[in-house]
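Participant: Here it is, the structure in full.
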Amino acid sequence: MTQVQAGVSQGRRVALTGNEAVALAMKQVEPDVVAAYPITPQTDIVQYFSSFVADGQVRTEFMTVESEHSALSACVGASAAGARCMTATSANGLALMWEVLYIAAGLRLPIVMAVVNRALSGPINIHCDHSDSMGARDSGWIQLYSEDAQEAYDNLLQAVRIAEHPEVLLPVMVCLDGFIISHSLENLEVLPDEQVRAFVGTYRPDVWLLDAARPVTMGPLDLQDFYFEHKRQEAEAMARAVPVIEEVAAEFGRATGRRYGFFEAYRMDDAEVAVLALNSTAGTARYVVDRLRRRGVRAGLLKLRVFRPFPQRALADALEGLAALAVMDRAEGLSTAGGPVFVEVRSALYDRARRPLTMNHIYGLGGRDVGPDQIEKVFDDLLQAVECGEVRRPVSHLGVRE
Amino acid sequence: MSTVTEVRWHGRGGQGAKTAAVLLAEAVSEAGKFVQGFPEYGPERMGAPVAAFNRLSDEPIHLHCHVSTPNIVVILDPTLIKGPQIVEGLADDGVVLVNSPRDPSELREVLGLGGGQRVFTVDASRIARETIGRDIPNMPMMGALLAVSGIMPLEELRAIMGQQLETKFKGKREVVEGNLKAIDRAIQEVQGA
């Protein structure tokens, strides 16, 4: 849920699936090039967008390729040539893009990609978890996570501005939960085409391959002499993305009334126990927080929107006053030390003199449904830890058959 | 949260449970309410049991999980009824709607309904065959749902749905008319107990 300020937006209230919302945002941005390969549950996005192309509603060069590796490679080539590029994928499609993910980021190409989160095989599974995008967390892509169709739409529009900002020039993934959001019809407010066009503006790269007046080379061999410096520059770009993400969110908020940040702290001011979640589970957790508050439990929710760059200090500020925190991971990192979100959040708290007890719940793998009663069980675990003063099971699997 | 109406549709692949849930959500959204409409995606195939869900509310909806405590259960295929488990979680004042030529009172026992729970039947398959020409019972069941659910004033929702069918099946007069006839007949013929 985003904070809506009345009277600002000129938007139109519609009912769309998450995939329809993403495809609409892409249509309104009208990138120069879209190269994509269909994979469940992302398929609708490519299908709808190809209809927009076929019906002449966009002038985008739409490239149908033979694999995801080629889809992202085509985006890399087109982006290097100076085009605004987009693609979309899920799970094994993202895995097939792997080496190209690093190339896109390393060449500092502002490609925007919707990732409709789905479990990686095997065993083969087409349903939601975050093993796909979490595995790509160190590839140099900025990662935005979306609670619902509204946020997927809003994040996609903001992603264009963040990626293309001259201080950043990094690719951005916009993640949304497969089926739970991608195939669920719900309400959102969409902006008029002209407002989207004004917000994203025209992409004018400073350096581009087809600029005959200023010839450049991109992606040559870069050995012991310069590779390290270029990686250092990439890391600095990721750090510079922090204020840019905030500026873009502020401008988006002024235009639409919908406020975004690195995370949303819901009923956290006086919270004693809280869960940290991203994507659609944050909505279910919000419902549970309200239910527990009515019973007098000082419960809160921290919904993480930006996982890359990781808002380490701000998160620690928001969490250090809790008595106990549960981090929800929809990916099993198989490290035996907890999921990817957990280890980073716990690390963020390490330097604080005051810090909560922490625990990790791995949940929802392969699309296992997670309802309010299960999240209430997480809060029970938290309250019990507060009472005993210790966490007996730091890492546990929620909703799994034992 | 009492303002949220939760609907669970049970059917078999090909009977239009998902289409019905999406169409209902679109119509109720058009009327200004907050909605969700989504199917349970399994290894879906013709004839296999499927479920679809709706949440309908005057306020924004944050839950993103299956409906486990429905106010309304719609059963598109009576052969799915193996006992009370199909209405699991039904609210104490909930409603069950079954595609069946039987008298609704005959179903109370097999569904294990409590005193505050109501059951309605309509022979949606027969209506579908006579109006649409095929046994796709989702639209007559939609009509019956509009009639008994009290989600919104029947006339308003019926009018919106008519417009939506017009948009969806542009130029296919007989499809639109067949579906609307199916809805209207079910509104007339649904029986409660």
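The values are calculated or read from the model by the stated rules, or taken from the named source; none is laboratory data. This is a predicted model, so every value here is computed, not measured. Because the Cβ atoms are built from the backbone with ideal geometry, glycine has one as well, and the counts that use them run over all protein chains shown.
Participant: What is the residue count in the range A:54-85 for residues that are assigned to a helix (DSSP H, G or I) and free of Cβ contacts under 8 Å to residues at least 12 places away in the same chain?
Facilitator: The number of residues fulfilling the criteria is 2.
Participant: Another question, if that's okay. So B:Asn179 ticks every box in (1) more than 17 Å from B:Gly11 (Cβ to Cβ); (2) among the polar types (S, T, N, Q); (3) in contact (Cβ under 8 Å) with a residue 24 or more places away in the chain but one. Which box is left unticked?
Facilitator: (1)
Participant: Are any of the residues in the range A:301-318 within 14 Å of another protein chain (Cβ to nearest Cβ) and either in contact with a Pro (Cβ under 7 Å, 6 or more places away or on another chain) or over 24 Å from A:His127 (Cα atoms) (or both)? Before the answer, list the steps.
Facilitator: Our first condition is that a residue be within 14 Å of another protein chain (Cβ to nearest Cβ); within the range A:301-318, this holds for A:301, A:303.
When the remaining residues are screened for being either in contact with a Pro (Cβ under 7 Å, 6 or more places away or on another chain) or over 24 Å from A:His127 (Cα atoms) (or both), the result is A:301.
Yes - at least one qualifying residue is present in the range A:301-318.
Participant: For B:Leu165, state whether it is within 17 Å of the chain's Cα centre (by Cα) and in contact (Cβ under 8 Å) with a residue 24 or more places away in the chain. Walk me through it before giving the result.
Facilitator: Numbers: within 17 Å of the chain's Cα centre (by Cα): yes; in contact (Cβ under 8 Å) with a residue 24 or more places away in the chain: no.
Criteria not met by B:Leu165.
Residue-wise test of (1) charged (D, E, K, R); (2) under 19 Å from the mean Cα position of the chain (by Cα).
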| residue | (1), (2) |
| --- | --- |
| A:Pro340 | no, yes |
| A:Val343 | no, yes |
| A:Met359 | no, no |
| A:Tyr363 | no, yes |
| A:Ala385 | no, no |
| A:Arg393 | yes, no |
| A:Ser396 | no, no |
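Participant: So the check is Cβ under 8 Å with 6+ separation or different chains; which pairs have a first residue in the range A:365-388 that's more than 14 Å from chain B (Cβ to nearest Cβ) and within 18 Å of A:Gly296 (Cβ to Cβ) and a second one that's assigned to a helix (DSSP H, G or I) and β-branched (Val, Ile, Thr)?
Facilitator: Going by the 8 Å Cβ cut-off, the qualifying pairs are A:Phe379/A:Val288.
Participant: Could you list all residues from the range A:345-364 that are more than 17 Å from A:Val391 (Cα to Cα) and buried (at least 18 other Cβ atoms within 10 Å of the Cβ)?
Facilitator: Of the range A:345-364, the ones more than 17 Å from A:Val391 (Cα to Cα) are A:348, A:351-353, A:363-364.
Listed by number, the residues that qualify are A:Ala348, A:Tyr363, A:Gly364.
Participant: While we're looking at this one, here's another question. Considering each residue of the range A:164-186, count those that are within 11 Å of another protein chain (Cβ to nearest Cβ) and out of contact with any helix residue (DSSP H, G or I) (no Cβ under 6 Å at 6 or more places or on another chain), and give that number.
Facilitator: The total comes to 6.
Here is a yes/no grid of residues against (1) at pLDDT below 95; (2) out of contact with any His (no Cβ under 7 Å at 6 or more places or on another chain); (3) buried (at least 21 other Cβ atoms within 10 Å of the Cβ):
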residue	(1), (2), (3)
B:Glu44	yes, yes, no
B:Gly47	yes, yes, no
B:Pro70	no, yes, yes
B:Ile75	no, no, yes
B:Pro84	yes, yes, no
B:Glu88	no, yes, no
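Participant: Do any residues in the range A:236-265 that are farther than 18 Å from A:Leu302 by Cα and in the same structural domain as A:Val160 (by TED's automatic domain parsing) have Cβ atoms under 6 Å from those of residues that are assigned to a helix (DSSP H, G or I) and basic (Lys, Arg), where the two are at least six apart or on different chains, and which pairs are they?
Facilitator: A:Val248/A:Arg161
Participant: Quick one: how many residues across the range B:39-96 are closer than 17 Å to B:Arg12 by Cα and among the basic types (Lys, Arg)?
Facilitator: Of the residues in the range B:39-96, 2 are closer than 17 Å to B:Arg12 by Cα and among the basic types (Lys, Arg).
Participant: Just the residues that are out of contact with any Gly (no Cβ under 6 Å at 6 or more places or on another chain), touching a residue at least 12 places away in the same chain (Cβ under 8 Å) and part of a loop (DSSP other than H, G, I, E, B), please, taken from the range B:136-162.
Facilitator: Our first condition is that a residue be out of contact with any Gly (no Cβ under 6 Å at 6 or more places or on another chain); within the range B:136-162, this holds for B:137, B:139-162.
Still in the list and also touching a residue at least 12 places away in the same chain (Cβ under 8 Å): B:137, B:139-149, B:151-152, B:154, B:156-158, B:160-162.
Within the range B:136-162, B:Pro137, B:Ile151, B:Met152 meet the criteria.
Participant: Out of the residues in the range A:216-253 meeting the condition of being touching a strand residue (DSSP E or B) at 6+ places or on another chain (Cβ under 8 Å) and closer than 20 Å to A:Gly140 by Cβ, tell me which one is surrounded by the most Cβ atoms within 10 Å (Cβ to Cβ).
Facilitator: A:Ile245
Participant: Please tell me if A:Phe199 is free of Cβ contacts under 8 Å to residues at least 40 places away in the same chain and away from chain B (no Cβ under 14 Å). Write out each step before concluding.
Facilitator: Working: free of Cβ contacts under 8 Å to residues at least 40 places away in the same chain: no; away from chain B (no Cβ under 14 Å): yes.
The answer is no for A:Phe199.
Participant: Still on this structure, please answer the following. How about the range A:99-112: which of its residues are within 12 Å of A:Ser73 (Cβ to Cβ) and out of contact with any Cys (no Cβ under 8 Å at 6 or more places or on another chain)? Spell out the reasoning first.
Facilitator: Here is the first cut: in the range A:99-112, the residues within 12 Å of A:Ser73 (Cβ to Cβ) are A:99-101, A:103-104, A:107, A:109, A:111.
Matches in the range A:99-112: A:Glu99, A:Val100, A:Leu101, A:Ile103, A:Leu107.
Participant: Does the range B:76-98 contain at least one residue that is under 27 Å from B:Ala31 (Cα atoms), more than 14 Å from chain A (Cβ to nearest Cβ), of a type in the set (Asp, Glu) and not in a strand (DSSP E or B)?
Facilitator: Step one: list which residues in the range B:76-98 are under 27 Å from B:Ala31 (Cα atoms), which gives B:76, B:90-91, B:93-98.
If we keep only those that are more than 14 Å from chain A (Cβ to nearest Cβ) too, we end up with B:76, B:90-91, B:93-98.
Filter once more, keeping what is of a type in the set (Asp, Glu): B:93.
Restricting the remaining residues to those that are not in a strand (DSSP E or B) gives B:93.
Checked against the condition, which is being under 27 Å from B:Ala31 (Cα atoms), more than 14 Å from chain A (Cβ to nearest Cβ), of a type in the set (Asp, Glu) and not in a strand (DSSP E or B), the range B:76-98 yields at least one hit.
Participant: Still on this structure, please answer the following. Restrict the check to the range A:14-26 and report whether at least one residue is under 30 Å from A:Gly219 (Cα atoms) and either modelled with pLDDT of 95 or more or away from chain B (no Cβ under 14 Å) (or both). Walk me through how you get there before you give the answer.
Facilitator: Applying the first criterion (under 30 Å from A:Gly219 (Cα atoms)) to the range A:14-26 yields A:26.
Filter once more, keeping what is either modelled with pLDDT of 95 or more or away from chain B (no Cβ under 14 Å) (or both): A:26.
Scanning the range A:14-26, I find at least one residue that is under 30 Å from A:Gly219 (Cα atoms) and either modelled with pLDDT of 95 or more or away from chain B (no Cβ under 14 Å) (or both), so the answer is yes.
Yes or no, residue by residue, for (1) assigned by TED's automatic domain parsing to the domain that holds A:Pro243; (2) in contact (Cβ under 8 Å) with a residue 60 or more places away in the chain; (3) assigned to a strand (DSSP E or B); (4) in contact with an Asp or Glu (Cβ under 6 Å, 6 or more places away or on another chain):
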| residue | (1), (2), (3), (4) |
| --- | --- |
| A:Asp269 | no, no, no, no |
| A:Val275 | no, yes, yes, no |
| A:Ala282 | no, yes, no, yes |
| A:Leu315 | no, no, no, no |
| A:Gly321 | no, no, no, no |
| A:Gly338 | no, no, no, no |
| A:Val341 | no, yes, no, yes |
| A:Arg346 | no, no, no, no |
| A:Thr358 | no, no, yes, no |
